[in-house]
Amino acid sequence: MPDDKIDPALAQELARLEANGLSDRPVPVIIEHVESASPTGEGDSGTQISELEQRVRELQRGMLDQLRDLGVGDTTRQLTLANGVAADLTPSQIEKISARPDVKRIHLARMEKVTA
């Protein structure tokens, strides 16, 4: 698995799962696309958002196709503004998707507690 694409918190979680014999347990992740996407700045805000959504769909098509092939289609959610995909993946699925050249980084998706 390309270590440079795996966020340290995710690497730690994958190691914990492996140490506990839970290598088939899905982990919530965010897969960051290698290209950033932003509105063009032309037209009204509705047009800009529509164009951004279309561009992100095109950029993420291959990634989403592979996730569907891996049996993950039902848990995926496209994150337009971040040009990423949220999904629940097993460690082996994370390894396979991390090999894609259009994947910049894979992060552990978890709620953070904020204290004052």
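The values are calculated or read from the model by the stated rules, or taken from the named source; none is laboratory data. Please read all numbers here as calculations on a predicted model, not as lab measurements. Cβ: placed from backbone, ideal geometry, glycine included. Neighbour counts: every protein chain shown.
Tabulated values for the structure
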read-out	value
Failed item, numbered, when Thr75 is tested on (1) in contact with an Asp or Glu (Cβ under 8 Å, 6 or more places away or on another chain); (2) at pLDDT 85 or above; (3) of a type in the set (S, T, N, Q)	(2)
Criterion violated by Glu35 - all others in (1) of a type outside the set (Gly, Ala, Ser); (2) surrounded by 15 or more Cβ atoms within 10 Å (Cβ to Cβ); (3) in contact (Cβ under 8 Å) with a residue 24 or more places away in the chain satisfied	(2)
Count - residues of region 53-96 that are among the polar types (S, T, N, Q) and assigned to a helix (DSSP H, G or I)	6
Count - residues of region 2-50 that are part of a loop (DSSP other than H, G, I, E, B), at pLDDT below 80 and not charged (D, E, K, R)	7
